[in-house]
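Notes follow the structure.
The values are calculated or read from the model by the stated rules, or taken from the named source; none is laboratory data. Note that the coordinates shown come from a computational prediction; the quantities given were computed from them, not determined experimentally. Note: ideal-geometry Cβ built from the backbone for every residue, glycine included; neighbour counts use all protein chains shown. Please note that ligands, DNA and RNA were not included when accessible areas were found on the heavy atoms of the full protein model with its side chains. Shrake-Rupley method; radii C 1.70, N 1.55, O 1.52, S 1.80 Å.
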Amino acid sequence: MDPLRGMTPPKLDEKVVHPLTEDEIKALVKACRGTGFRDHRDEAIIRLMLETGMRAGECVALQVGDVDWIQGKVTVVRGKGGRGRVIAFGPHTSKAGLAYMRKARAGHKLARTSQQLWLGENSRLLGYSGLWQMMNVRAEQAGIGKLHP
């Protein structure tokens, strides 16, 4: 007989993630200012995630056709719990996304062969760990410290 049978497992503490302040958000976006590939990509990602509240996994899973930068809409095909949804975003995010698509992504080696929206450097795609790394580099540049995407 199992002595633990019928017992409920203990509740675990949930990690509290504090939201960024308005000044921290401004500093994080400002840390992406520049004209390079990473600058355009990182600003578009950060603005999209901040404005829509999408999860890191949802963000890296986006395909080119999932985002309408002109209309300001992103379609998360498979979100938490397998649910999809359409989320609107504003003109600053649209502008950053269009800059990424036209100035950065268009010249990437994988632009014609991959439908994944976010591309990495050196002929790579941007994955989950790359997103975490990028966010923490930008957070350090902004003087925020570690960040939980």
State whether the residues of segment 132-144 include one that is modelled with pLDDT of 95 or more, outside any loop (DSSP other than H, G, I, E, B) and in contact with a Ser or Thr (Cβ under 9 Å, 6 or more places away or on another chain).
no
So, of the residues in segment 59-85 that are under 28 Å from Thr21 (Cβ atoms) and open to solvent by 90 Å² or more (accessible area, probe 1.4 Å), which turns out to be modelled with the lowest pLDDT?
Lys80
Would you mind finding the one in Ala56, Ala96, Ala88 that is aliphatic (A, V, I, L, M) and open to solvent by 60 Å² or more (accessible area, probe 1.4 Å)?
Ala88
Picking from Met49, Met101, which residue would you name as being among the aliphatic types (A, V, I, L, M) and in contact with a Cys (Cβ under 6 Å, 6 or more places away or on another chain)?
Met49
Residue list for segment 105-149, filter: touching a strand residue (DSSP E or B) at 6+ places or on another chain (Cβ under 8 Å) and in contact (Cβ under 8 Å) with a residue 60 or more places away in the chain
Arg105, His108, Trp118, Leu119, Leu126
Do we find that Glu51 is surrounded by 12 or more Cβ atoms within 10 Å (Cβ to Cβ), more than 15 Å from the chain's Cα centre (by Cα) and not aromatic (Phe, Trp, Tyr) in this structure?
no
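A quick yes/no check of all residues on (1) touching a strand residue (DSSP E or B) at 6+ places or on another chain (Cβ under 7 Å); (2) assigned to a helix (DSSP H, G or I); (3) within 21 Å of Leu126 (Cα to Cα):
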residue	(1), (2), (3)
Pro9	no, no, no
Lys15	no, no, no
Pro19	no, no, no
Lys26	no, yes, no
Cys32	no, no, yes
Asp39	no, yes, yes
Ile46	no, yes, yes
Glu51	no, yes, yes
Return yes or no: is Asp42 open to solvent by less than 40 Å² (accessible area, probe 1.4 Å) and either more than 30 Å from Pro91 (Cα to Cα) or touching a Cys at 6+ places or on another chain (Cβ under 7 Å) (or both)?
yes
Name the single residue, out of those in segment 99-116 being among the basic types (Lys, Arg) and either open to solvent by less than 70 Å² (accessible area, probe 1.4 Å) or at pLDDT 95 or above (or both), that is farthest from Met54 (Cα to Cα).
Arg102
By residue number, the members of segment 100-137 that are among the aliphatic types (A, V, I, L, M) and more than 14 Å from Val64 (Cα to Cα) are Leu131, Met134, Met135, Val137
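Residues checked against (1) farther than 17 Å from His148 by Cβ; (2) in contact (Cβ under 8 Å) with a residue 12 or more places away in the chain:
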residue: Thr21; (1), (2): no, no
residue: Lys26; (1), (2): yes, no
residue: Phe37; (1), (2): yes, yes
residue: Cys59; (1), (2): no, yes
residue: Leu62; (1), (2): yes, yes
